[in-house]
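Some notes on the structure that comes next.
The values are calculated or read from the model by the stated rules, or taken from the named source; none is laboratory data. Predicted, not measured: the structure shown is a model, and the values here were computed from it. Because the Cβ atoms are built from the backbone with ideal geometry, glycine has one as well, and the counts that use them run over all protein chains shown. The accessibility values were calculated without ligands, DNA or RNA, using every heavy atom of the protein model including side chains. Shrake-Rupley method; radii C 1.70, N 1.55, O 1.52, S 1.80 Å.
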Amino acid sequence: MIPPVMARYDAVIVGGGHNGLVHAAYLARAGRKVLVLERRHVLGGAAVTEEVVPGFKFSVCSYVVSLLRPEIIRELDLPRHGLEILPLDGTFTPMPNGDYLWRMNDHARTRREIARHSRLDAEAYDEYALAMVEMARFVKPILDMTPPDPWSLSPRALGRLAFLGRRFRGLADEDRYNQVQLMTMSAVDFLDQWFETDVLKATMSASGIIGTFLGVRSPGTAYVLLHHYMGEIDGAFRSWGLARGGTGAISNAIAAAAREAGVEIRTESPVAKILVRDNQVRGVVSSNGDEIETGYVASSVDPRLTFCRLLDEDLLPDSFMEGVGRYKFRGSSGKVNFALDGLPDFTCLPGTGHHLRGAISISPGVDYMERAYDEAKYGRFSSRPYIDIVIPSLTDPSVAPPGKHVMSCFVQYAPYHLADGSWDEQKERFGDTVVDTIAEHAPNFRNLILHRQVVTPLDLERTWGLSEGNIFQGELSLEQLFFLRPVPGWASYTTPIRGLVMCGSATHPGGGIMGAPGRNAALAVLKGTA
Ligand SMILES: Cc1cc2nc3c(=O)[nH]c(=O)nc-3n(C[C@H](O)[C@H](O)[C@H](O)COP(=O)(O)OP(=O)(O)OC[C@H]3O[C@@H](n4cnc5c(N)ncnc54)[C@H](O)[C@@H]3O)c2cc1C
């Protein structure tokens, strides 16, 4: 028998999603010999471009970028490695009464448009933006820090807590109230304090529910609004963009930077087991039985996969495994991607104008959004879901053949646990629901469809390794953020096993194409604090 291949690396990274790649790049730049093992044939995890139909490049999962930390772009010199972010212009919301709301990147036009619905709201819009920018400024440095353990008396943890306390005291009184309200209120209650226009509140509240199993009226969703506000492009908060070539171009640029720093990357190389002896990592075993020797493993996959599948559970303390067991996934979203023969024509604003170049939000009212959640609570996908539509081929023609388009539809709610039947049985009906919902606003839509790809929460679990289909490797709810993510007492990227570190979206500051978990974990390891 041929003996198993043995090789020695300073670090092995489980998963070639963007966080795993960021982590690898930072370690290699510090001189470590690093190997990334990715299960799929393609890098990027949920940040991936795939040519599902010849000529049409789908950003199959994540589709817009904003949260990617500017320091990662700079330090890894991602533009030189091919990253180009194109701005996404505004949000267009069709309404069933034949009207619409269209917020653009042009401030004066957006004000005029909101004033068409409510003069008061147009005034309040600027005040709201200022308040959110203050909140985002407060939170921004927290994104890049290792969360302190509030129960620890170590000087480092106390120092970090004191830093947070000083920042909080440094806020103006009003901003302090806003911060507490953001932490406790629902997105709609929070927005009610500023606005009166239903369609405006519905569309803005949508970013409070993404990746959660909560409704726009559920307490805690106001914070998720802020999470999505914190992204910046060229220093401007709340700007969203598209990566030229699709979202996978971001992962590919990071991979190129990592390779340049000396990282070895293998695709189609699933890790089957992390080897541990005397509570110290000794290596990994790939699914074909190869053993790779290393004293350090960084897992960029979620805690359920890491601690319940890749490790023998009896290696870990019971109290820790209870924390892992309590960590909530509860996937609530799906995706439907289309190859189109032309552009949808919306009844409320006919033609192929600029309104199709930004996000198109199917969120016509707060009750519509809440009703979509009601159905999910009882195990059904929404019969009229919230849909965030983007047509990237209008901004980046490289993703579709001339005259054709790709259209990406993020859909909520699609509960992982269905009351009746399985996702395999319901998949195409879910796709039909999305088509029917869009066709109510753009009747020509059905005739444009050349191909559709339906991605259910079960597909997210099976193909992308996202347990229960949660898009953020675990719900972005307050009780599992910051020093509570993924397990209270273990938020500093470390684990009870020496040499095993977590570096994916299940760690602080959570999901989204941010790279922050990968970078924070690497810096902590290099500084010797993880
Ligand atoms: C449908 C959807 C839409 C989204 N939309 C957006 C958006 O528009 N904007 C945004 O900012 N964020 C969005 N997100 C969230 C964002 O994409 C993720 O939070 C982020 O990409 C996660 O990156 P990661 O590197 O932490 O983990 P992942 O991307 O989950 O990477 C983990 C990698 O590990 C691999 N893996 C799993 N098991 C093994 C194993 N045993 N051995 C080796 N490899 C393994 C997986 O194949 C995967 O490549 C979306 C996510 C989804 C699913």
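Brief remarks on what is shown
- All positions within the stretch 36-62 that are open to solvent by 30 Å² or more (accessible area, probe 1.4 Å) and among the acidic types (Asp, Glu): Glu50, Glu51
- Complete set of residues in the stretch 390-417 that are open to solvent by less than 30 Å² (accessible area, probe 1.4 Å) and β-branched (Val, Ile, Thr): Val390, Ile391, Val399, Val406, Val411
- Of residues in the stretch 115-139 being open to solvent by less than 70 Å² (accessible area, probe 1.4 Å) and charged (D, E, K, R), the one nearest to Gly515 (Cα to Cα): Glu134
- Filtered residue count, the stretch 299-323, keeping only those that are in a helix (DSSP H, G or I), away from the ligand (no atom under 14 Å from the Cβ), open to solvent by less than 40 Å² (accessible area, probe 1.4 Å) and more than 19 Å from Leu478 (Cβ to Cβ): 2
- Residue in the stretch 429-451 that is farther than 23 Å from Asp99 by Cα and of a type in the set (Val, Ile, Thr) present: yes
- Boolean, Ser299 is hydroxyl-bearing (Ser, Thr, Tyr) and under 29 Å from Leu526 (Cα atoms): yes
Per-residue answers, yes or no, for (1) among the polar types (S, T, N, Q); (2) in contact (Cβ under 8 Å) with a residue 60 or more places away in the chain; (3) under 19 Å from Ile274 (Cβ atoms); (4) assigned to a loop (DSSP other than H, G, I, E, B):
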| position | (1), (2), (3), (4) |
| --- | --- |
| Asn19 | yes, yes, yes, no |
| His41 | no, yes, no, yes |
| Ile72 | no, yes, no, no |
| Leu83 | no, yes, no, yes |
| Thr93 | yes, yes, no, no |
| Leu101 | no, yes, no, no |
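Yes/no per residue for (1) part of a loop (DSSP other than H, G, I, E, B); (2) more than 29 Å from Asp424 (Cβ to Cβ); (3) in contact (Cβ under 8 Å) with a residue 24 or more places away in the chain:
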residue: Gln453; (1), (2), (3): no, no, yes
residue: Leu460; (1), (2), (3): no, no, yes
residue: Leu476; (1), (2), (3): yes, no, yes
residue: Pro488; (1), (2), (3): yes, yes, yes
residue: Gly504; (1), (2), (3): yes, no, yes
residue: Ile513; (1), (2), (3): yes, no, yes
residue: Ala524; (1), (2), (3): no, yes, yes
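- Per the conditions (1) surrounded by fewer than 19 Cβ atoms within 10 Å (Cβ to Cβ); (2) of a type outside the set (A, V, I, L, M, F, W, C); (3) near the ligand (Cβ under 9 Å from one of its atoms), the sole criterion not satisfied by Ser505 is (1).
- Being in contact with a Ser or Thr (Cβ under 8 Å, 6 or more places away or on another chain), at pLDDT 95 or above and closer than 14 Å to Ala46 by Cα is not true of Gly511.
- A count restricted to the stretch 336-350 and to residues that are open to solvent by 10 Å² or more (accessible area, probe 1.4 Å), in contact (Cβ under 8 Å) with a residue 60 or more places away in the chain and not aliphatic (A, V, I, L, M) stands at 5.
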